[in-house]
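What follows is a single structure, written as structure tokens, with notes after it.
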Amino acid sequence: MNVPSESRWNFPAPSEWPIDDDVVAIGADLSPDTLLYAYARGMFPMYLDKKSRTLGWWSPVERGVVPLDAMRVTRSLKKSARKFHCTVDTAFTQVMQACGTAHTDGNWITQEFIDSYSQLHAMGNAHSVEVWNTDNELVGGLYGVRINGFFAGESMFHREPDASKVALAYLVDLMRLDGMTLLDTQWNTEHLASLGCITVPREEYLALLAHAIAL
């Protein structure tokens, strides 16, 4: 996959990033080229202030990563998975919309983000996993950006217990089958840690990222 080698925006190099702040740049736009350039260099966008729509570019000092060989699938999760079936890239926009309404506190998935990532999806650079119940209702899922062996998980949602966990487990299986190496969750959380997510320093993450993109 070709990643832009240059950007029309003056993003600082990692050597210039603050060592104690997750925000490493401000401004720019959400065009496909800007997004791919940023993700390939360890940054992702979120609003600094949703009201003013000021874009911040984040590279957490402590990064959340799910080792693909350490995903914890408990017996109860395996049992829950039998109640669902999963698909890929069949309802990308719906998954983004659901993620945007599932997190009312600090939500940053606006229509601007949905439009931009839907463009990436149409280009084959952004993907979704959908989880459906026996009534064929969308009850969980996740979406993110892929560059070669790297997948940046952006957000996930569930409307039934364990549906988002099933989506993540399905994604990990797909990544293993395709020889991918890095699943980025941005930050670690108690929920993600229960599934095997770990925290790595920014410098280590950037090395893992370079390796995954080179695959």
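Observations
- Contact order normalised by residue count of the chain, Cα under 8 Å, 6+ apart, percent: 25
- Note on the chain: Cα-Cα pairs beyond 24 Å make up 40% of the total pair count.
- Potential extension, Asp135-Arg8 segment - 0.36 nm per residue separation minus Cα distance: 41.0 nm
- Positive end of the dipole of region 64-214 (Cβ unit charges, origin at the Cα centre): among Leu183, Ala212, Thr74, the Cα lying farthest that way belongs to Thr74.
- Positive-pole candidate from Ala98, Val139, Phe157, dipole of the chain, charges at beta carbon: Val139
- Net charge dipole size for region 36-161 [Lys, Arg +1 and Asp, Glu -1 on Cβ; Debye, nearest 20]: 420
- 15 Å beta-carbon shell around Thr181, net charge (K/R +1, D/E -1): -2
- Largest GNM mean-square fluctuation among Trp17, Trp58, Trp108, using the chain with Cα springs under 10 Å: Trp17.
- Among Arg176, Arg75, Arg53, residue whose mean-square fluctuation peaks in a GNM of the chain (springs only between Cα atoms under 10 Å): Arg75
- Contact order for region 17-60, expressed relative to its length and based on alpha carbon pairs under 8 Å spaced 6+ residues apart, stands at 47 percent.
- Under a model in which nothing but the beta-carbon of Lys, Arg (+1) and Asp, Glu (-1) is charged, the chain shows a dipole of about 620 debye around its Cα centre.
- The C-alpha atoms of the chain define a longest principal axis, and helix 92-102 lies at about 90 degrees to it.
- Positive minus negative residues near Trp9 (Lys, Arg vs Asp, Glu; Cβ under 15 Å): -2
- Calculated P(r) tail over 21 Å for region 1-90, as whole % of Cα pairs: 51
- Dipole of region 1-47, positive direction: furthest Cα of Phe44, Ser5, Val24, with charges on the beta-carbon: Ser5
- Taking a point 7 Å out from the Cα of Thr189 in the direction of its Cβ, the residues of region 158-175 whose backbone N falls within less than 15 Å of it are 158-169.
- Ellipticity estimate at 222 nm from DSSP helix runs (n ≥ 4, -39,500 (n - 2.57)) divided over the chain, nearest 500: -9500 deg cm²/dmol
Since every read-out is calculated from the coordinates, none of them should be taken as a lab result. Note that the structure is predicted; figures quoted are calculated from it, not measured. We place every Cβ from the backbone using ideal geometry, glycine too, and count neighbours over all the protein chains shown.
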